[in-house]
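Every read-out reported here was derived from the displayed coordinates using simple, explicitly stated rules and does not represent laboratory data. Small disclaimer: the values here were computed from a predicted structure and weren't measured. As a convention, Cβ positions derive from the backbone with ideal geometry for all residues, glycine included, and neighbour counts pool all protein chains shown.
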């Protein structure tokens, strides 16, 4: 399956899909949610769809905007591990 | 009864953006060229008016830019210009009293084409979620409402191209019902193959390959119109509210009328257009003799042009009323065309000049068509005409505010 994106790659993917310029440092913060970053539900849906298409993330993975990018990174790590 | 006045004008047009627009139309500069928005172009329409030099960067919030079509980028940028022109901070308008009405003909077609291609090339999971909102006719009104916190009446008119005039009637009605300010206008971005195929079916687009001769309404060479992109958004305010904040009234939205005479029945639009104009004049409390200038619809189809000339004759008889179609310089921008004509009429009232009809010589009708250079004229009352390609006819009367 796919490869786990690095935090910098995920930041680039989020910026491309949502128009929100995020840094890998912001993604590492355990308290910053997608909502805090200004990413709405459709934007997050686009990010997850891209990860499922290009990085082999399982189709059942779901998140909402109150989750944090850090949680997403953790999911990505598990996904590729399994 | 409240009075609706224009206090701000924002233009994104092939002829120019913002303050660059008036000098370009006043001087009859032409902005038609080879259609370059998509390549290759296998379609029999090669001359168009494109808004060159417009990129969302710097004009549209990147978060909004990725989730919206070019037609919404135009509307957002035109609105910023209009609010700046009006010196109006939306936050200063009482809550629920500022609304928005835009007209749309094509919707978000370029965005839609991209997603349709992704669907058929790669599968449904490749369609981005923003397709759900970007293509939609109401996208521009919605994004304007969200961006500027407009909680007043918000709507979109999908009412053929003449809907671009009807928005000003809607704005006026909402002001009469208690709104203090309205954004009114429309913008189009119709240049992608998917959209072009739909437009070709109308059979009214010019196949001419020379930008200088492709769009020549009212002449023996008339063979369809050159399409354009862009449009205008205007700030329309309650006159008392505008006066209270010291904002100059630039023009009064004085009267409106609309009729429908059927798809492809341009001969019938003669009476339809005349009736719409009479309604608009009656609504404005204005006699035909008071009209100083008419902004024409200019479809450049021989039957349609003739019907428009007949409508003018029935309105004005033998009186030679100056008429003009500045859009021959930049193309017919669908639902953005009428808002651009309204913007131009406001500027004509302000500047005391009627811009010309670029490129047109040898008008085959008995019209006082302004050609060549702008004509100095004390414009107190302007009549704007618009027809849709599917049978709508609308007329709007704009008047210079009385100075007390």
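Brief remarks on what is shown
- Taken residue by residue and averaged, Cβ atoms of other chains lying within 10 Å of the Cβ of B:62-75 number 2.
- Reducing the stretch A:26-82 and the stretch B:1-32 to their Cα centroids gives an inter-centroid distance of 45 Å.
- Prolate/oblate/rounded label for the stretch B:269-404 (Cα gyration tensor, a/c 1.5): rounded
- Distance from the C-alpha centroid of the stretch B:360-404 to that of the stretch B:86-111: 26 Å, rounded to the whole angstrom.
- Shape of the stretch B:1-90, Cα gyration tensor, a/c cut at 1.5: oblate
- Of the residues A:58, B:148, the one with the fewest other Cβ atoms within 10 Å heads the list, and the complete ranking is A:58, B:148.
- For B:305, B:80, order by how many other beta-carbon atoms lie within 10 Å, fewest first: B:80, B:305
- When the alpha carbon gyration tensor of the stretch B:318-392 is reduced to an equivalent ellipsoid, its three semi-axes come out at 19, 16, 13 angstrom, largest first.
- Peptide B:287-296 - average C-beta neighbours from other chains (10 Å radius): 0
- Column: log10 I(q)/I(0), Debye, Cα scatterers of the stretch B:4-244, q = 0.08, 0.09, 0.13, 0.16 Å⁻¹: -0.32, -0.40, -0.82, -1.16
- Stokes-Einstein D in µm²/s, Kirkwood radius over Cα pairs - the stretch B:58-184 at 20 °C with 1.002 mPa s viscosity: 140
- On Cα atoms only, tilt of A:41-54 relative to the major axis of chain A in degrees: 30
- Note on chain B: Cα-only Rg and Dmax are 19.7, 65 Å.
- Rounded Å value of the spacing that divides the Cα centres of the stretch B:305-327 and the stretch B:199-217: 22
- Acute angle (nearest 10 degrees) that the helix A:69-81 long axis makes with the longest principal axis of chain A, alpha-carbon atoms: 10
- Largest to smallest principal axis extent of the C-alpha atoms in the stretch A:7-81, angstrom: 26, 22, 20
- Per-residue Cβ neighbour counts within 10 Å put B:192, B:197 in the sequence B:197, B:192, beginning with the fewest.
- Bridges between two residues of chain B, per DSSP, are antiparallel at a rate of about 70%.
- Reciprocal mean inverse distance between Cα atoms of the protein assembly as shown - Kirkwood radius, Å: 23.4
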